[in-house]
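These notes concern the structure reproduced below.
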Amino acid sequence: MFSSTLRTSARMASRASVRAFTTARAAPSTKVYTSLAAAGVVSFAAYQAAQYPVRLEGAKTIAGEKGTASERSFVMIKPDGVSRQLVGKIISRFEERGYKLVAIKSLTPSPALAKEHYIDLASRPFYAGLVKYITSGTPVVAMVWEGKDIIRQGRRIVGATNPLESDPGSVRGQYAVSVGRNLIHASDGFDSATKEIGLWFDEAELSEYEPIAWPWVMADN
Ligand code: IDP
Ligand code: MG
């Protein structure tokens, strides 16, 4: 809240200096104003970085910034997870670890969307069945989660592709036994996170906010 107050006053200050430029008759040289404004921007940015070292605003792509707390992953609870009413339990794993829910929606994907999502597997014998399963009519829950190492940690939370090989503490290892009904998807790398977030969500659907406990979860000190 403190930082947003500061941000607001910085915005007001910059507006005020614009007005001063346009109305002052014999204003000091533009250079003086420009360097004062630049110094203000730099020190405000430094202040912000000190307050929230985990936030790197301005440097984000749709999948955040790889290797920082702004990293994002696309996670989807598949139709079996929805039908088996495991949505809450699955979301809890990400929430309780301290990750930030950036976007969420429930939908039945079109065949075109499901095919594009799994396009890398198009030559595999199970591709048609996979698309049919994902587009069955029982919805999926598509989400974007954000936080430090979310892509790799998301994969660990989800577990190995074949639930019989999944760690028992993972979602698949706890709730699934079949590779064809393994409940959940999570991006397997930064490039796939970028592709998948862009495929399933418009940028306007991705929220920018800071959970109240964020610094308590993400800071390294
Ligand atoms: P992943 O979901 O762990 O990333 P991928 O190899 O990318 O695993 O496969 C995507 C999805 O395709 C799996 O989650 C699973 O639903 C399905 N799948 C993978 N291998 C098989 C298989 O051998 N038979 C049936 N479905 C499979
Ligand atoms: Mg995969």
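The values are calculated or read from the model by the stated rules, or taken from the named source; none is laboratory data. Please read all numbers here as calculations on a predicted model, not as lab measurements. In this analysis, Cβ positions are derived from the backbone assuming ideal geometry, glycine residues included, and neighbour counts consider all displayed protein chains. Note: accessible area is taken over every heavy atom of the protein model, side chains too, but ligands, DNA and RNA are not part of it. Shrake-Rupley method; radii C 1.70, N 1.55, O 1.52, S 1.80 Å.
Setting aside same-chain residues fewer than 8 positions from K100, which lysines have a Cα under 18 Å from its Cα?
K60, K66, K89, K148
Taking R0 as 30 Å, what FRET efficiency do you get between Y118 and A213 from their Cβ-Cβ distance, rounded to the nearest 0.05?
After rounding, the FRET efficiency stands at 0.30.
Taking the Cα centre of segment 118-190 as the origin, how large is its charge dipole in debye, to the nearest 20, when only Lys and Arg (+1) and Asp and Glu (-1) carry charge on their Cβ atoms?
Magnitude of the dipole: close to 120 debye.
How many angstrom separate the Cα center of segment 162-221 from the Cα center of segment 100-135?
One Cα centre to the other: 15 Å.
What is the spin-label model distance, in nm, from K105 to S178 if the labels are put 7 Å beyond Cα along the C-beta direction?
It is 2.9 nm.
Would you work out what percent of the accessible area of segment 148-221, with all protein chains in place, is carbon or sulfur (probe 1.4 Å)?
After summing per-atom areas, the C and S share lands at 50 percent.
Using only alpha carbon pairs under 8 Å that are at least six residues apart, calculate the relative contact order of segment 64-221 and give it in whole percent.
Relative contact order, segment 64-221: 33 percent.
Using a simple spin-label model with points 7 Å from Cα along the Cα→Cβ vector, what separation in nm is obtained for I62 and F126?
The answer from the label model is 2.7 nm.
Please list the non-local residues whose amide H lies under 5 Å from the amide H of V102, H modeled 1.01 Å from N, same-chain partners needing a gap of 5 or more.
Amide H to amide H, under 5 Å and 5 or more residues apart or across chains, V102 pairs with V144, W145, E146.
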